[in-house]
Amino acid sequence: MKKILIKQEGWLRKPHYDFFSKFEKPFFGITVSVDCTQAYRVAKDDKSSFFLYYLYRALKAANQIENFKYRIVDGQVFLFDSVNASPTINRDNGTFGFAYLNYNEIEKIFVENANREIDMVRTTNNLLPAISGQNVIHFSAIPWLDFTAVSHARSFSYPDSCPKISFGRVSESDGIRKMPLSVSVHHGLMDAYHVGLFVERFQELLNEY
C-alpha cells in the first residue's frame, strides 16, 4: 500500500476541504439507478456470483477516479495508489459480517480471493474483518429493497473519509434489469461531479461483454 501526501498549498480542493471538513456531517449522498441487464446476463451465463461481478466493476471504476482514492489520515489528505473493498456479507442466520477484499486488476484473482474471504466470514460470528485499512470503500448489498435513498450509521467522533456504496434489489421491466445504487462520500474530497464520473464508468463496465 502506497500513499502520497497531498500538499495543501496550491491544492485545487483546499477551499472545499477547509470548508466541508468543519462540518459535523461532511458526507453527502446520491442515489441513482443503473442498468444491469448485460451484467446480470453475463454473470448468470457464466454461473458466477452476480454480487462479485458488479462489486468488482464498482471497485475497478473507483480505482480509476483519483478522488475516490483520497483519504484523511490524522488531519492530512493522502492519495492512495489503490483502494480495496470492505463489503457486508450476509449470513444464513440473518446476521452479517464485514469482509476485507483486496483489489486486483485481474478479475479472476479478485473473485478467487473474495470467495475465500466470504466463506470465512460466513463460518464465523465475527463482525469485523481480521484486517482493515483506511484505503477502503465500504460496500453494502441490500438485495431485499428497491430503495430510493440510503443513510448510514456512523460515529461522528470517529474520523471517517471512506466512501460508502450500496446496491439494492434488481428489478425487471420489459426485459430491462435495473438496480439502485447509493453513493455517499466526503464533500471535502469530492463533489457530485466526481460521483457522476464514477457512475458513468461503473455503467460502462456493467455494459461490457
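The values are calculated or read from the model by the stated rules, or taken from the named source; none is laboratory data. As the structure is a computational prediction, the values presented were derived from the model and not from experiment. As a convention, Cβ positions derive from the backbone with ideal geometry for all residues, glycine included, and neighbour counts pool all protein chains shown.
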Within the range 11-31, the residues that are loosely packed, with under 15 Cβ neighbours inside 10 Å and either aliphatic (A, V, I, L, M) or farther than 30 Å from Tyr158 by Cβ (or both) are Leu12
Among the candidates Glu112, Glu117, residue that is at pLDDT 95 or above, assigned to a helix (DSSP H, G or I) and touching a strand residue (DSSP E or B) at 6+ places or on another chain (Cβ under 9 Å): Glu117
Which numbered condition trips up Ala85, out of (1) touching a residue at least 40 places away in the same chain (Cβ under 8 Å); (2) farther than 24 Å from Phe68 by Cβ? (2)
Determine, yes or no, whether Lys2 is at pLDDT below 95, at negative phi and exposed (fewer than 13 other Cβ atoms within 10 Å of the Cβ). yes
Could you list, in sequence order, all residues of the range 171-195 that are of a type in the set (S, T, N, Q) and either surrounded by 17 or more Cβ atoms within 10 Å (Cβ to Cβ) or under 25 Å from Thr88 (Cβ atoms) (or both)? Ser171, Ser182, Ser184
For Ala141, the lone unmet condition from (1) at positive phi; (2) touching a strand residue (DSSP E or B) at 6+ places or on another chain (Cβ under 7 Å) is (1)
Pull out all pairs, ordered by first then second residue, where Cβ-Cβ is under 8 Å, the residues are six or more apart or on different chains, the first lies in the range 37-60 and is within 20 Å of Ile89 (Cβ to Cβ), and the second is among the acidic types (Asp, Glu) and not in a helix (DSSP H, G or I). Lys60/Glu105
Checked the range 110-150 for anything under 29 Å from Val73 (Cα atoms) and of a type in the set (Ser, Thr, Tyr); matches are Ser132, Ser140
Restricted to the range 156-165, and to residues that are within 15 Å of His186 (Cβ to Cβ) and among the hydroxyl-bearing types (Ser, Thr, Tyr), which residue is modelled with the highest pLDDT? Ser161
Please verify whether Phe198 is under 16 Å from Ala61 (Cβ atoms), touching a residue at least 40 places away in the same chain (Cβ under 8 Å) and surrounded by 13 or more Cβ atoms within 10 Å (Cβ to Cβ), treating the condition exactly as stated. yes
Condition first: part of a helix (DSSP H, G or I), over 14 Å from the mean Cα position of the chain (by Cα) and modelled with pLDDT of 95 or more. Can you find one or more residues in the range 181-190 that meet it? no
Just for strands (runs of 3 or more DSSP E) wholly inside the range 21-102: which have at least 3 residues that are among the hydrophobic types (A, V, I, L, M, F, W, C)? 27-35, 76-80
Identify, from the list Ser166, Ser173, Ser161, Ser184, the residue that is of a type in the set (S, T, N, Q) and out of contact with any strand residue (DSSP E or B) (no Cβ under 7 Å at 6 or more places or on another chain). Ser173
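Within the range 131-159, can you find the residues that are small (Gly, Ala, Ser), in contact (Cβ under 8 Å) with a residue 60 or more places away in the chain and assigned to a loop (DSSP other than H, G, I, E, B)?
Selection gives Gly133, Ala149, Ser151.
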Among the residues that make up the range 160-170, is at least one of them touching a residue at least 60 places away in the same chain (Cβ under 8 Å), crowded, with 17+ Cβ neighbours inside 10 Å, of a type in the set (Phe, Trp, Tyr) and in contact with a Pro (Cβ under 9 Å, 6 or more places away or on another chain)? yes
